[in-house]
């Protein structure tokens, strides 16, 4: 990664590591431009996502670490709102790092983490890098410099460790060739039978999508944010052209929808829902048609890859796993399973941290299920 980077809104801050320069970056353009210089940036470290997740005016901590003038790590962390007073901070898909920096990556990330701890007065910083375990020395670098690696394969509130991604490079024919035959044959079934796929962003379309999503959450047992959250998502991504709200309708009836965003050259599927109780939805393969339209949307906007979210299984996926049907559907499009390096905690207050971990293991799952009932 080259060192030339013009930052208009950056403040150099003291670091415990004399070789590391940590800068707080406050400008949207500066922060996003910095992230996009790294090999694997993620929209959840982007400026807009931090603003969305920082509820009730909470502070977003955005810092980058430089060695010899070159950026080697960046972290955007926001308070996890169910815990009061900002005791728990979360860097979803952070840190973003330069894989060529080696052991210096761990030093840089921990310098940022310690600064976040001092400035936030939090108890811990949770990180979940979007880096594959087998491809990266990041795990060794982080643990060598004080970050604790969690043993969990998944948590109720963090980004999934086991994800599925889709290669969008090459001609459309190549993408179809990588699909399962049954998926490929079903791509246009819904359209042939009169299902309309529309990319909309007005309040009426958002309300229709939200109604489908809430109903899906009740059936499948996952909580759904209030509609104001989705309005904020729409305004931050869909309205400026960096996102898509797709709806599938048939004879005036909504059958499904999905919400996706892009950051750099990568697309991200955030939410999808179907009227799965309806026999015609299953016969028409509306879900397949919706996701094919999503692929075409992402390619038209220059994306060469797409994050399709969690696999819904353990690793490696097995038919007996809960959620295997989600994996199988995505695998039919040619998605690959990625096993990420995991979750890491940097602890600032050991006693409070032990209490939090106890609650996380035994109470957060129950709270998740109860919240789902209140959709």
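Just checking, which of 345, 307 is in a strand (DSSP E or B), modelled with pLDDT of 95 or more and not assigned by TED's automatic domain parsing to the domain that holds residue 197?
On inspection, the qualifying residue turns out to be 345.
From the residues in the range 145-155 that are out of contact with any strand residue (DSSP E or B) (no Cβ under 8 Å at 6 or more places or on another chain) and surrounded by 14 or more Cβ atoms within 10 Å (Cβ to Cβ), which one is farthest from residue 184 (Cα to Cα)?
Of everything passing the filter in the range 145-155, 145 is farthest from residue 184 (Cα to Cα).
Restrict the check to the range 320-338 and report whether at least one residue is more than 21 Å from residue 160 (Cβ to Cβ) and either in a helix (DSSP H, G or I) or in the same structural domain as residue 220 (by TED's automatic domain parsing) (or both).
No, there is no match, as no residue in the range 320-338 is more than 21 Å from residue 160 (Cβ to Cβ) and either in a helix (DSSP H, G or I) or in the same structural domain as residue 220 (by TED's automatic domain parsing) (or both).
Taking residue 101 and the conditions (1) out of contact with any strand residue (DSSP E or B) (no Cβ under 6 Å at 6 or more places or on another chain); (2) surrounded by fewer than 24 Cβ atoms within 10 Å (Cβ to Cβ), which numbered condition does it fall short on, given that it satisfies the others?
Result: residue 101 fails condition (1) only.
Being under 27 Å from residue 352 (Cα atoms), assigned by TED's automatic domain parsing to the domain that holds residue 44, in contact with a helix residue (DSSP H, G or I) (Cβ under 9 Å, 6 or more places away or on another chain) and at pLDDT 90 or above narrows it down to one residue among 78, 83, 131; which is it?
78
What do you reckon, is residue 140 assigned to a helix (DSSP H, G or I), free of Cβ contacts under 8 Å to residues at least 40 places away in the same chain and under 28 Å from residue 305 (Cβ atoms)?
yes
Tell me which residues, restricted to the range 18-34, are out of contact with any strand residue (DSSP E or B) (no Cβ under 6 Å at 6 or more places or on another chain) and closer than 16 Å to residue 91 by Cα.
32
If you scan the range 103-128, which residues turn out to be in a loop (DSSP other than H, G, I, E, B) and touching a helix residue (DSSP H, G or I) at 6+ places or on another chain (Cβ under 7 Å)? Steps first, please.
Keep residues of the range 103-128 that are in a loop (DSSP other than H, G, I, E, B), which gives 103, 121-123.
Hits for the range 103-128 are 103, 122, 123.
Would you point out the residue of the range 255-282, among those that are touching a residue at least 12 places away in the same chain (Cβ under 8 Å) and either outside any strand (DSSP E or B) or not assigned by TED's automatic domain parsing to the domain that holds residue 202 (or both), that is nearest to residue 203 (Cα to Cα)?
Among residues in the range 255-282 that are touching a residue at least 12 places away in the same chain (Cβ under 8 Å) and either outside any strand (DSSP E or B) or not assigned by TED's automatic domain parsing to the domain that holds residue 202 (or both), the one nearest to residue 203 (Cα to Cα) is 275.
Within the range 50-71, how many residues are part of a helix (DSSP H, G or I) and either out of contact with any helix residue (DSSP H, G or I) (no Cβ under 6 Å at 6 or more places or on another chain) or not assigned by TED's automatic domain parsing to the domain that holds residue 32 (or both)?
6
Which condition does residue 17 not pass, out of (1) closer than 22 Å to residue 234 by Cβ; (2) at pLDDT below 95; (3) surrounded by 15 or more Cβ atoms within 10 Å (Cβ to Cβ), if it passes all the others?
Result: residue 17 fails condition (1) only.
Considering only the range 187-208, I want to know if a residue exists there that is within 27 Å of the chain's Cα centre (by Cα), buried (at least 17 other Cβ atoms within 10 Å of the Cβ) and closer than 18 Å to residue 308 by Cα.
Yes, the range 187-208 contains at least one residue that is within 27 Å of the chain's Cα centre (by Cα), buried (at least 17 other Cβ atoms within 10 Å of the Cβ) and closer than 18 Å to residue 308 by Cα.
The values are calculated or read from the model by the stated rules, or taken from the named source; none is laboratory data. All of these numbers come straight from a predicted model, not from anything done at the bench. Quick reminder, even Gly has a Cβ in these numbers, built from the backbone with ideal geometry, and neighbours come from all protein chains shown.
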